[in-house]
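Asker: Pasting a structure below so you can have a look.
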Amino acid sequence: METFPFQPLDDEGPVFNEPWEAQAFGLVLALHEKGLFSWQEWAAVLGEEIAAAQAEGDPDLGNTYYHHWLSALEKITRLKNLSNETELRSRKEQWHAAYVNTPHGKPIQLSAGRSD
């Protein structure tokens, strides 16, 4: 497995498979530390997302864990009125545009996805 710069490692190797996983993890911790939701609230929402994915056939092999983490992050930000569907959709579209406008191997900057 290829690592990315500053990727945390444990005895078994890389902790995250992709940079976005580390970023999603960090966002949850930062929002929790700001007191925007309790760890119990977070665990409940994450558990719901994992259970829903398993009910839809996710074999729970560990490789989709951070996809559930991201879904739970989006859900809890909506539940706590920290964001809404329109904001999330807009940011996803902006990120996608930045991704397709960034040369291979270069860091993605959201500014590359702005059309203003």
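Asker: Among the residues of segment 105-114, how many are over 16 Å from Pro19 (Cα atoms) and assigned to a helix (DSSP H, G or I)?
Answerer: 3
Asker: While we're here: Here is a list of conditions, (1) more than 26 Å from Pro14 (Cα to Cα); (2) surrounded by 10 or more Cβ atoms within 10 Å (Cβ to Cβ); (3) β-branched (Val, Ile, Thr), and Thr102 meets all of them except one; can you say which number that is?
Answerer: Every condition holds for Thr102 apart from (1).
Asker: Could you please find all residues in segment 60-72 being among the hydrophobic types (A, V, I, L, M, F, W, C) and under 16 Å from Leu29 (Cα atoms)?
Answerer: Selection gives Trp69, Leu70, Ala72.
Asker: I want to confirm something. Restricting to segment 40-59 and keeping residues that are surrounded by 13 or more Cβ atoms within 10 Å (Cβ to Cβ) and charged (D, E, K, R), which single residue is nearest to Val28 (Cα to Cα)?
Answerer: Glu41
Asker: Looking only at helices (runs of 4 or more DSSP H) that lie completely in segment 2-104, which have at least 2 residues being under 25 Å from Arg114 (Cβ atoms), within 16 Å of the chain's Cα centre (by Cα) and not aromatic (Phe, Trp, Tyr)? Break it down into steps so the answer makes sense when it comes.
Answerer: Working: elements: 19-33, 39-55, 65-79, 85-100.
The qualifying helices (runs of 4 or more DSSP H) are 19-33, 65-79, 85-100.
Asker: When segment 15-39 is examined, which residues are found to be surrounded by 17 or more Cβ atoms within 10 Å (Cβ to Cβ) and either touching a strand residue (DSSP E or B) at 6+ places or on another chain (Cβ under 8 Å) or within 30 Å of Gly105 (Cβ to Cβ) (or both)?
Answerer: Keep residues of segment 15-39 that are surrounded by 17 or more Cβ atoms within 10 Å (Cβ to Cβ), which gives 16-17, 21-22, 24-25, 28, 31, 37.
Correct list: Phe16, Asn17, Glu21, Ala22, Ala24, Phe25, Val28.
Asker: Let me ask another. Could you grab me the full set of residues in segment 60-81 that are over 17 Å from Ala22 (Cβ atoms), among the aliphatic types (A, V, I, L, M) and surrounded by 14 or more Cβ atoms within 10 Å (Cβ to Cβ)?
Answerer: If the condition is that a residue be over 17 Å from Ala22 (Cβ atoms), among the aliphatic types (A, V, I, L, M) and surrounded by 14 or more Cβ atoms within 10 Å (Cβ to Cβ), then Ile76 is the only one that fits.
Read the figures in this text as sums done on the coordinates, not as results from a lab. What you are looking at is a predicted structure, and each value in this text was computed from that prediction instead of being measured. Here Cβ is always computed from backbone atoms with ideal geometry, including for glycine, and neighbour counts include all displayed protein chains.
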